[in-house]
1. Among the residues of the stretch 3-16, is any β-branched (Val, Ile, Thr), surrounded by 13 or more Cβ atoms within 10 Å (Cβ to Cβ) and at pLDDT below 95?
2. Please go through (1) without any contact (Cβ under 8 Å) to a residue 12 or more places away in the chain; (2) of a type in the set (Ser, Thr, Tyr); (3) closer than 17 Å to Phe86 by Cβ for Thr55 and return the number of the only condition it doesn't satisfy.
3. How many residues, within the stretch 99-138, are over 18 Å from the mean Cα position of the chain (by Cα) and touching a residue at least 40 places away in the same chain (Cβ under 8 Å)?
4. Kindly indicate whether any position in the stretch 105-113 is outside the structural domain of Ala67 (by TED's automatic domain parsing), assigned to a loop (DSSP other than H, G, I, E, B) and hydrophobic (A, V, I, L, M, F, W, C).
5. Considering every residue within the stretch 21-30, establish whether at least one is more than 30 Å from Thr155 (Cβ to Cβ) and loosely packed, with under 13 Cβ neighbours inside 10 Å.
6. Select the helices (runs of 4 or more DSSP H) contained entirely in the stretch 1-66, then report the ones holding at least 1 residues which are more than 20 Å from Gly120 (Cβ to Cβ) and either assigned by TED's automatic domain parsing to the domain that holds Leu101 or more than 18 Å from the chain's Cα centre (by Cα) (or both).
7. Scan the stretch 70-104 residue by residue and report those that are aliphatic (A, V, I, L, M) and either outside any helix (DSSP H, G or I) or in contact with a strand residue (DSSP E or B) (Cβ under 9 Å, 6 or more places away or on another chain) (or both).
8. Out of the stretch 198-212, which residues are farther than 18 Å from Cys11 by Cβ and touching a Phe, Trp or Tyr at 6+ places or on another chain (Cβ under 8 Å)?
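The values are calculated or read from the model by the stated rules, or taken from the named source; none is laboratory data. As the structure is a prediction and not an experimental result, all values here were calculated from the model. Note: ideal-geometry Cβ built from the backbone for every residue, glycine included; neighbour counts use all protein chains shown.
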Amino acid sequence: MTKKERAALVCEKLNEEFGTDIKCSLDFEPGVAWQLLFATIMSAQCTDARVNEVTKTLFVKYPSLEAFAHANLSEMEQDIKSTGFFRNKARNIIACANALLDRYDGQVPRELDDLVSLPGVGRKTANVIRGNIFGDQSIVVDTHVKRISKLLGLTKEEEPTKVELDLMKCVPKEQWILYNHQIIALGRTVCIARRPHCENCVLQEACKHYHDKEMKAQKK
């Protein structure tokens, strides 16, 4: 089975299991792109559920880009402390708000190069915005996507950018956004890092790791 064939089978099984109508797990007001941008910055090394708890009050306290831009750094740090790495995140969010106002007239840009030029924004965050705000097909490589894509045999890379490029070559483009959401859902419920439930996984047929494990078991 080639990588493209394997990826096509993976997508078919994921669509059957999770459907094709999946929403972003980070909460934000429809059309308010900066809310998703800041939520995604906060989600680094933090669960989406925790971020959603924080933003529930944070976006009320700071209802506009201007409010974030003029926020007191120490106060912002306390507001988002429970998300971890709060000092860097607070500094980046305030700087990002100012950059959006100064350079982009208060609008979140669409182009990847513009997005990654913003404080605290890397390719992962940029691709979350491109996919969920603008509908641009993009691969978001988080820990679940990297780990499970390697198990499936779709990449051997460790560096997120290289994983992204590998997946772009084999996953059908129309599935990129769905693949992100579906693999994350699988990683949280079935293919759990420390205790994967391979026996219950819909991707058995397509998973290189599962087949390799079965082959080893048969040889014993």
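1. Just the residues of the stretch 3-16 that are β-branched (Val, Ile, Thr), to begin with: 10.
The next check asks that each one be surrounded by 13 or more Cβ atoms within 10 Å (Cβ to Cβ); those that pass are 10.
Checking which are at pLDDT below 95 leaves us with none.
Within the stretch 3-16 (the criterion being β-branched (Val, Ile, Thr), surrounded by 13 or more Cβ atoms within 10 Å (Cβ to Cβ) and at pLDDT below 95), the answer is no, since none of the residues qualifies.
2. So the condition that Thr55 fails would be (1).
3. Counting residues in the stretch 99-138 that are over 18 Å from the mean Cα position of the chain (by Cα) and touching a residue at least 40 places away in the same chain (Cβ under 8 Å) gives 3.
4. Just the residues of the stretch 105-113 that are outside the structural domain of Ala67 (by TED's automatic domain parsing), to begin with: none.
Checked against the condition, which is being outside the structural domain of Ala67 (by TED's automatic domain parsing), assigned to a loop (DSSP other than H, G, I, E, B) and hydrophobic (A, V, I, L, M, F, W, C), the stretch 105-113 yields no hits at all.
5. Yes, the stretch 21-30 contains at least one residue that is more than 30 Å from Thr155 (Cβ to Cβ) and loosely packed, with under 13 Cβ neighbours inside 10 Å.
6. On the way: elements: 3-18, 33-42, 48-61.
Hits in the stretch 1-66: 3-18, 48-61.
7. In the first step, residues of the stretch 70-104 are kept if they are aliphatic (A, V, I, L, M); the result is 71, 73, 76, 80, 90, 93-95, 97, 99-101.
Answer for the stretch 70-104, where residues must be aliphatic (A, V, I, L, M) and either outside any helix (DSSP H, G or I) or in contact with a strand residue (DSSP E or B) (Cβ under 9 Å, 6 or more places away or on another chain) (or both): Ala71, Ile80.
8. Answer for the stretch 198-212, where residues must be farther than 18 Å from Cys11 by Cβ and touching a Phe, Trp or Tyr at 6+ places or on another chain (Cβ under 8 Å): just Cys198.
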